[in-house]
Amino acid sequence: MGMPKKFGMFVHWGLYALTGYHEQVRWRFHTPRELYRSLMDKFNPVDYDPDEWVKLAKDAGMEYICITTKHHDGFCMFDTKYTDFNIMNTPFGRDILKELADACERGGIALSLYYSNPDWNCPFGYNSASSHQMPSPGDEEDTEKYRAFVKNQLRELLTNYGRIYTLFWDIPTNIADPSMNEFVRSLQPDILINDRGWGDKGDFSTPERHVPDGTKFERYTEACQSVGRQSWGYCADEDYYTKRFLTAGIDKIRVMDGSYLLNVGPMPNGRIPKRAQDIIRSIGSWYNNVKEAFDAEPCLLLEDKSLLTTQRGDTLYVHIPKPLDVCGLTLKPLDVMPKSVTLLNDGRALKYAVTTRPEDKDWQTHIMRRQTLHVFNIPAEDFPSETLVLKIELDNEKIKI
Ligand code: H79
């Protein structure tokens, strides 16, 4: 397994964007299949510019883009021979995935594919062993036939779009079929596969909208979260998350050495909503400033467990996810003088001191201080809305952490 990439952009895009509601709008409104299918006649994202998406992701420090090739609704954002319910049969009539794959190639960013196991359009796709099923009258459960269908689509996805970084199966099928992942790997030997497929834990775990407890992931983990709480697909009334919330989540996942997929839902015209773009840029600028703190091992050093720590050699990083009430920190039990303390959020040097009790007899004439590293003048009010990260360079001669 190669080195996992650490930060990526998830893209949920499909016909559902036209409703401005939710990627599972059909489920939520019990929409009949034919009515939902008629959205196909309206999908025409004339402003689709995948090079812009790639630039947005790269500027944010992201290394890959993962796009929904087919969500639960069954609509395919790629040219497929195996269902008519695909992008080529819309007024747009262009292979969205191919254009994204080319843009990724041009921009030097990896491409990952999301593929839903539930398929609400396929008349033989119903899987009574799984969840998120929405059969229409007259459908028949035919798992054999559906597996062949999935393999046919995977052959298209994994041969026509260049190198694919990861495969994100969605919704575990609860059917064990090792031949599925084997087939995927036969077409893309270096691919990483997630744990939501066909009875196989794959290469990585996928906490969704969730930040697990703990200090370090046991296995490769890719957490995913959207920029807003309501939806993964475009939502006109989205409740966007705050920067504080997102940076704290990303920080914790990355401290534990997980990867993080941050999702956006492009609009029907192909553009990523302005607000979502602003969030990606803002989070990205924070990420780029602090990311060296993740190229380090988690360590448990400080007494204040609300502070996370990572360490690389003589360098210690202190992560402060909660808003500070005061503009200073005493980092118990750290009691040595560092060479420097830097606030990574803006690169400024911070003042610090370790005052030790004098040993001479007149010590009572001195002001007593705790023998703890004290960092002061932290400009907490300049950063009310993001996780702060301190970089503390220690002197190897003096300390063993
Ligand atoms: O595509 C987005 C959602 O539409 C889709 N997954 C994200 C990436 C999704 N569909 N349903 N749900 C999410 C909610 C149910 C999630 C579950 Fe699971 C799937 C519960 C059990 C399997 C994910 C995997 C959460 C826990 C394990």
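None of the figures in this text is laboratory data; all of them are computed from the coordinates on show. All figures in this text were calculated on a predicted structure; none of them were measured in a lab. Counting neighbours? That spans all protein chains shown, and the Cβs are built from the backbone with ideal geometry, glycine included.
Go through 353, 188, 166 and say which Cα lies farthest out towards the positive end of the charge dipole of the chain; charges sit on Cβ, +1 for Lys and Arg, -1 for Asp and Glu.
353
Once the Cβ-Cβ distance between residue 155 and residue 393 is put in as r, and R0 is 45 Å, what FRET efficiency do you end up with, to the nearest 0.05? Could the numbers behind the result be given before it?
On the way: r = 52 Å, r/R0 = 1.16.
After rounding, the FRET efficiency stands at 0.30.
Can you work out the FRET efficiency for the pair residue 124 and residue 278, with r the C-beta to C-beta distance and R0 = 51 Å, to the nearest 0.05?
The calculated FRET efficiency here is 0.75.
In degrees from 0 to 90, rounded to the nearest 10, what is the angle of the helix 50-59 Cα long axis to the longest principal axis of the chain?
20 degrees
Treating the angle as unsigned and between 0 and 90°, give the value, to the nearest 10°, between the Cα long axis of helix 178-187 and the longest Cα principal axis of the chain.
80 degrees
Report, in whole Å, the centroid distance computed from the Cα atoms of the stretch 57-92 and the stretch 308-347.
43 Å
What's the angle, to the nearest 10 degrees (0 to 90), between helix 274-290's Cα axis and the longest principal axis of the chain?
40 degrees
At most 10 other Cβ atoms within 10 Å and a DSSP loop assignment: could you name the trypsin sites (Lys or Arg not before Pro) in the stretch 279-354 that fit?
Passing both the DSSP loop test and the Cβ count: 305.
Please state the shape class of the chain: rounded when a/c is under 1.5, otherwise prolate if a/b exceeds b/c and oblate if not, all from the C-alpha gyration tensor.
Working: a/c = 2.71, a/b = 2.27, b/c = 1.19.
Because a/c hits 1.5 or more and a/b exceeds b/c, the chain counts as prolate.
Can you compute the charge dipole magnitude of the chain about its Cα centre, using +1 on each Lys and Arg Cβ and -1 on each Asp and Glu Cβ, nothing else charged? Give it in debye, rounded to the nearest 20.
Charge dipole of the chain: 660 debye, to the nearest 20.
GluC sites (Glu not before Pro) within the stretch 90-147: which are DSSP loop residues with at most 12 other Cβ atoms inside 10 Å? Walk me through the numbers before you get to the answer.
On the way: sites: 99, 105, 140, 141, 144; in loops: 140, 141.
Sparse-neighbourhood loop GluC sites (Glu not before Pro): 140.
To the nearest 0.05, what FRET efficiency results for residue 47 and residue 171 with a Förster distance of 45 Å applied to their C-beta separation?
On the way: r = 31 Å, r/R0 = 0.69.
E(calc), rounded to 0.05, equals 0.90.
Find the relative contact order for the stretch 1-70 and round it to a whole percent, using C-alpha pairs within less than 8 Å whose residues are 6+ positions apart.
Normalised by residue count, the contact order of the stretch 1-70 is 55 percent.
What is the stretch 262-328 by shape, rounded, prolate or oblate, if you read a ≥ b ≥ c off the alpha carbon gyration tensor as root eigenvalues and call it rounded for a/c under 1.5, prolate for a/b larger than b/c, and oblate otherwise?
It is prolate, given that a/c is not under 1.5 and a/b is the larger ratio.
State, to one decimal in nm, how far the label point of residue 218 lies from the label point of residue 182, with both points 7 Å from Cα in the Cβ direction.
2.7 nm
What nm distance separates the two modelled labels at residue 355 and residue 295, each placed 7 Å from Cα along Cα→Cβ?
For the pair residue 355/residue 295, the computed spacing is 3.8 nm.
Calculate the spin-label point distance for residue 229 paired with residue 210, positioning each point 7 Å from the Cα along the beta-carbon direction, and give it in nanometres.
Result for the modelled spin labels: 1.8 nm.
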